[in-house]
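FYI, it's all coordinate maths here, none of it is from the lab. All values reported here derive from a predicted model rather than from experimental measurement. Every residue, glycine among them, receives a Cβ derived from its backbone with ideal geometry; neighbour counts consider all protein chains shown.
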Amino acid sequence: MQRIFIFLSLIFFLACKEQSKETSVVSNVETANEETQKIEENFGIVIHGGAGTILKKNMTPEKEAAYKKKLEEAIRVGHTILKNGGTSLEAVEKTINVLEDSPLFNAGKGAVFTSEGTNELDASIMDGSTLNAGAVAGVKTVKNPINLAREVMNNSPHVMLSGAGAGLFAKERGLEIVDPAYFFTEERMKSLEKVKEKLKTKEANKTTAFYDPVINDSKFGTVGCAALDKHGNLSAGTSTGGMTNKKWNRIGDSPIIGAGTYANNATCAVSSTGWGEYFIRGMVAHDISAMIEYKGVSLQEAAKEVIQEKLTNLGGTGGIVAIDNKGNVAMEFNTAGMYRATMNTAGELVIGIYKSE
């Protein structure tokens with residue numbers, strides 16, 4: 001009888017132990033699933049509206065409020081797309097559309113004027129999951145150049161199109177075409193006249209070259225966006241009207257993959273703004289990604305070294321916004337200010353204009 005009791009007790013003990021093990025396994029699986037879900041839900045977005053000599057003393061309260069309002073409107077568009085499970089590419093494109101449609105920024109509607117009094121727009125976009133990219137330069141009748149850049153990426157065998165050919169491709173793809181007069185704004189025309197007058201005076205005194213960093217500060221105003229979606233994919237895009245009083249169909253860094261825009265799921269997504277010639281020479285956007293990949297530094301460390309040391313030592317001015325594959329954000333610039341904003345998974349919004357913010 002005693003042996004039977006011991007045998008039954010042993011069976012009961014083993015059964016309980018097995019059940020405990022199964023419960024533990026289920027618990028571990030549930031915990032792993034929760035952690036995976038948290039990782040999948042990690043997303044974020046960061047934007048810029050140009051960098052330069054942006055000083056609070058030169059800004060009226062009304063204009064400052066207008067810039068902040070438009071930055072918030074733009075970033076919330078992209079954040080909503082990401083929150084609802086949309087792609088980082090879509091978020092980047094639609095966010096930049098808001099900025100392109102505003103006369104406050106040097107892109108789309110607010111594009112600056114060339115020396116001939118025309119508008120020549122550039123843009124680029126890149127998919128970090130495939131390293132596919134699209135860019136356009138010198139377009140004159142496409143309402144939203146970033147949309148055309150994405151069409152080049154998705155529906156052509158090329159990476160960059162320019163001038164009349166880019167315009168023809170836009171028509172074939174059914175993009176919105178506008179009369180060049182659409183891009184006219186009184187403020188940008190006054191900026192052109194002011195730059196020409198200053199250059200005329202300085203050239204008469206033989207004290208300046210064509211690319212005067214002070215006179216041409218209105219070249220800043222480029223817009224850009226970098227985003228990480230719930231699927232772990234990074235994307236970046238940049239759009240600009242270029243440099244006030246530019247000649248000879250000058251093209252800056254904004255449509256140059258690796259200089260003005262870069263995205264790689266292995267590292268980060270970057271959008272640049274500033275004196276384009278130096279961003280091209282330094283391959284600024286790609287350099288930040290390369291430092292993360294090859295040196296193993298953080299996004300913030302890479303951005304700081306590239307902007308505050310490499311770019312600055314070259315003589316370049318401007319900044320970048322970037323986000324890495326973990327959702328960390330960098331907004332680095334070596335100028336007095338940069339229009340910028342970011343939102344994370346929790347929906348926390350940060351908007352800044354001046355260096356001290």
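Each residue of the stretch 89-102 is assigned a 3J(HN,Hα), and the resulting list reads 4, 5, 4, 5, 4, 5, 5, 5, 3, 4, 6, 5, 7, 9 Hz, derived from the Karplus form 6.51 cos²θ - 1.76 cosθ + 1.60 (θ = phi - 60°), x at Gly and Pro. Amide H to amide H distances under 5 Å link Gly128 with Leu234, Ser235, Ala236, where only residues 5 or more positions off or on other chains count and H is placed in the peptide plane. Put simply, when 246-252, 155-161, 71-77 are sorted by average Cβ atoms within 10 angstrom per residue, most first, you get 71-77, 246-252, 155-161. Per-residue extension of 0.36 nm, minus the Cα-Cα distance of Lys247 and Asn155, leaves a gain of 30.1 nm for this segment. Annotation note: chymotrypsin sites (Phe, Trp or Tyr not before Pro) in the stretch 115-201 located in DSSP loop regions with a Cβ neighbour count of at most 16 within 10 Å are Phe184.
The amide H of Ser162, built 1.01 Å from its N in the peptide plane, has Ala137 as neighbours under 5 Å, considering only residues 5 or more places off or on other chains.
Here the gap between Thr312 and Thr345, fully extended at 0.36 nm per residue and compared with their Cα-Cα distance, gives a gain of 8.6 nm.
For the stretch 218-248 and the stretch 304-334, write down the distance between their C-alpha centroids in whole Å. Comparing the Cα centres of the stretch 218-248 and the stretch 304-334, I get a distance of 14 Å. Computed over the stretch 277-357, the convex hull of the alpha-carbon atoms projects to a mean area of 5.5 nm². What the phi angles of the stretch 298-304 give under the Karplus curve with 6.51, -1.76 and 1.60, with θ = phi - 60°, is a coupling list of 6, 4, 5, 5, 5, 4, 5 Hz, glycine and proline written as x. Modelled spin-label separation between Tyr294 and Glu172, with each label point placed 7 Å from Cα along the Cα-to-Cβ direction: 3.7 nm. Compute the Cα gyration tensor for the stretch 29-165, then decide on rounded, prolate or oblate, letting a ≥ b ≥ c be the square roots of its eigenvalues: rounded whenever a/c is under 1.5, prolate when a/b is larger than b/c in the other cases, and oblate in all that remain. Verdict is oblate for the stretch 29-165.
Between Asn84 and Asn328, how high is the FRET efficiency from 1/(1 + (r/R0)^6) when r is the Cβ-Cβ distance and R₀ = 22 Å? Nearest 0.05. Don't skip to the end; give the middle numbers.
Numbers: r = 23 Å, r/R0 = 1.02.
The calculated FRET efficiency here is 0.45.
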